[in-house]
1. Would you check which residues across region 224-250 are of a type outside the set (Gly, Ala, Ser) and either over 18 Å from ASP359 (Cα atoms) or touching an Asp or Glu at 6+ places or on another chain (Cβ under 9 Å) (or both) and list them?
2. In region 455-467, is there at least one residue being of a type in the set (Val, Ile, Thr) and farther than 17 Å from GLY258 by Cβ?
3. Return the residues of region 425-471 that are closer than 15 Å to THR19 by Cβ and β-branched (Val, Ile, Thr); say none if nothing qualifies.
4. Where the second residue is outside any loop (DSSP other than H, G, I, E, B) and not hydrophobic (A, V, I, L, M, F, W, C) and the first is closer than 12 Å to ALA153 by Cα and lies in region 202-215, which pairs have Cβ atoms under 8 Å and are six or more apart or on separate chains?
5. When you scan region 246-356 for strands (runs of 3 or more DSSP E) that lie fully inside it, which ones turn up with 1 or more residues that are of a type in the set (Ser, Thr, Tyr), modelled with pLDDT of 95 or more and closer than 22 Å to VAL368 by Cβ?
6. Among the residues of region 389-400, is there at least one that is assigned to a helix (DSSP H, G or I), surrounded by 15 or more Cβ atoms within 10 Å (Cβ to Cβ) and in contact (Cβ under 8 Å) with a residue 24 or more places away in the chain?
7. How many residues, within region 447-489, are of a type in the set (Gly, Ala, Ser), part of a loop (DSSP other than H, G, I, E, B) and closer than 20 Å to LEU118 by Cβ?
8. Of everything in region 34-90, what is aliphatic (A, V, I, L, M), in contact with a Pro (Cβ under 7 Å, 6 or more places away or on another chain) and over 14 Å from LEU425 (Cβ atoms)? Give them in sequence order.
Amino acid sequence: MTRLIVGPFNRVEGDLEVTLDISGGQVASARVTAPMYRGFETMLQGKAPHDALVIVPRICGICSVSQTVAAARALASLGGMGTAGGVAMPANGQHLTNLVLATENLADHLTHFYLFFLPDFTRPAYAGRPWHAQAQQRFAPHSGEQVRAAIAARQRWFTLLGTLAGHWPHTQSLEPGGSARPVDAAERTRLLAKVREFRGFLERQLFGLPLEQVASWDDEAAMLAWWAQQPPLAGSDFALWLGIAQDAQLQHLGRGPGRTLSFGAYPQPGGGHALGAGVFDVASATLQAVDTEAIREDATHSWLQHAGGPLHPREGRTLPDADKPGGYSWNKAPRLAGQVVETGAIARQLASGQPLVRDVVARHGATVYTRVLARLVELARVVPMMEAWLQALAIGQPDSAWCVPVPLPDSGQGVGLGEAARGALGHWVRLERGRIANYQIVAPTSWNFSPRDAAGTPGALEQALVGAPVDGAEATPVAVQHIVRSFDPCMVCTVH
């Protein structure tokens, strides 16, 4: 048995280190370390409740809207929004919040595919593969023609947020009661044009076919039948990626724990979510409701005090203990009813019953291939949703409110749940005498990149890395890179 320490990883927000025990040319066990402590939960103690809307977006520079939305929902929960007798968010405010969040999430999916994931296939380890020259031409960092095109498309896409939310990152227009930044009729026309421009990039260059066709495939056979008709190495980026995935056997790489978690994305004015909530069991293909009361954070192997054992985030503590025996990460180990889950676009698509994603997961499990495919399917599904939300805005009508006041109590507890690009995000807040007494955050990468728990059970990525092939000549094994990147690490959110 040999040991290999991989890290720091490039193209990652924050710091990440992975320790691999190697036996027989493959990973026998893994430990995932978040080596940077940040302490946002401690910073929030003693602050006025609305200060959270200013502080938590600074957790991350690429998913700051997600943090804002979760914080706003936690404050809205404190104020009784959505409960019997409580105030209700106006439909305009709900649509606009969804539009702001979807803009950020889809930009993240685009960035992940072109800037974080695909460049690894241009590495010398793949020289000699029939697609390698095309991959270099399209996806080489900085110089790849499609990387440059994607960066330009991303820049134009983010101009949506100038109109919708004033600026990005660290948007300040979102409130517990809706959006403080209304949209007029002329702005809606310009916003629709920008969404359709982005649709054009996706349809012409990424997919090579209409978004609705991507979302309509019922199973993997239908998708691969389309792919088989594409010109070899000369089709869309999606077609080229499918060829790479088949050749590199990505469907067999990085199998997750077998359970996925979604809190539900994009709540709708009439109730429910545009993308569903639930815990999906891969083996039985069944979906169960999420019991948030069953969430516990285990700090046994974290550099944090853990007296009292695993705690619900409502009672959670963030107290550093840098010299703790057995600790190897600043991340806690979240568990749902004692079980390891993974989260992300794959969880949202499984929870919402998307037929293609359910079929590929039934065939291959949650793997590198199916995680990346789920993010691409989500791009195809959400852009048309955004067009519909823009059209649904009631502009210039007597009841076209965008935001309502949400009075907060002096004392109480609230929770804000949502979906960032990388998955399930929860904020738990407790007020005492009008000030924040405790604030706890469980981010998507807290779930996916967790260390072992008290029972010694590895986290989702730690499990997915077991069995990965390792070439002794590789300082950073390419298979390990693919698995890590399929979860899209954002370590500043992990350790918040």
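1. Let us first name the residues in region 224-250 that are of a type outside the set (Gly, Ala, Ser), namely 224, 226-227, 229-233, 237-238, 240-242, 244, 246-247, 249-250.
Matches in region 224-250: GLN229, GLN230, PRO231, PRO232, LEU233, ASP237, PHE238, LEU240, TRP241, ILE244, ASP247.
2. Checked against the condition, which is being of a type in the set (Val, Ile, Thr) and farther than 17 Å from GLY258 by Cβ, region 455-467 yields no hits at all.
3. Hits for region 425-471 are VAL466, VAL470.
4. Within 8 Å, the pairs are GLN205/GLN146; GLN205/ASP237; LEU206/ASP237.
5. Details: elements: 259-267, 273-281, 286-288, 295-298, 333-336.
Passing ranges, in order: 259-267.
6. As a first pass, look at region 389-400 and keep what is assigned to a helix (DSSP H, G or I): 389-392.
When the remaining residues are screened for being surrounded by 15 or more Cβ atoms within 10 Å (Cβ to Cβ), the result is 389-390.
After this cut, where a residue has to be in contact (Cβ under 8 Å) with a residue 24 or more places away in the chain as well, the list is 389-390.
Scanning region 389-400, I find at least one residue that is assigned to a helix (DSSP H, G or I), surrounded by 15 or more Cβ atoms within 10 Å (Cβ to Cβ) and in contact (Cβ under 8 Å) with a residue 24 or more places away in the chain, so the answer is yes.
7. Initial filter on region 447-489 (of a type in the set (Gly, Ala, Ser)): 450, 454-456, 459-460, 464, 467-468, 472-473, 475, 479, 486.
Now narrow it down to the ones that are part of a loop (DSSP other than H, G, I, E, B): 450, 454-456, 459, 467-468, 472-473, 475.
Going one step further and asking which of them are closer than 20 Å to LEU118 by Cβ, we end up with 468.
Of the residues in region 447-489, 1 are of a type in the set (Gly, Ala, Ser), part of a loop (DSSP other than H, G, I, E, B) and closer than 20 Å to LEU118 by Cβ.
8. LEU75, ALA76, LEU78, MET81
The values are calculated or read from the model by the stated rules, or taken from the named source; none is laboratory data. Keep in mind the model is a prediction, meaning the values are calculated, not measured. Reconstructed Cβ throughout: ideal geometry from the backbone, glycine too, with neighbour counts over all protein chains shown.
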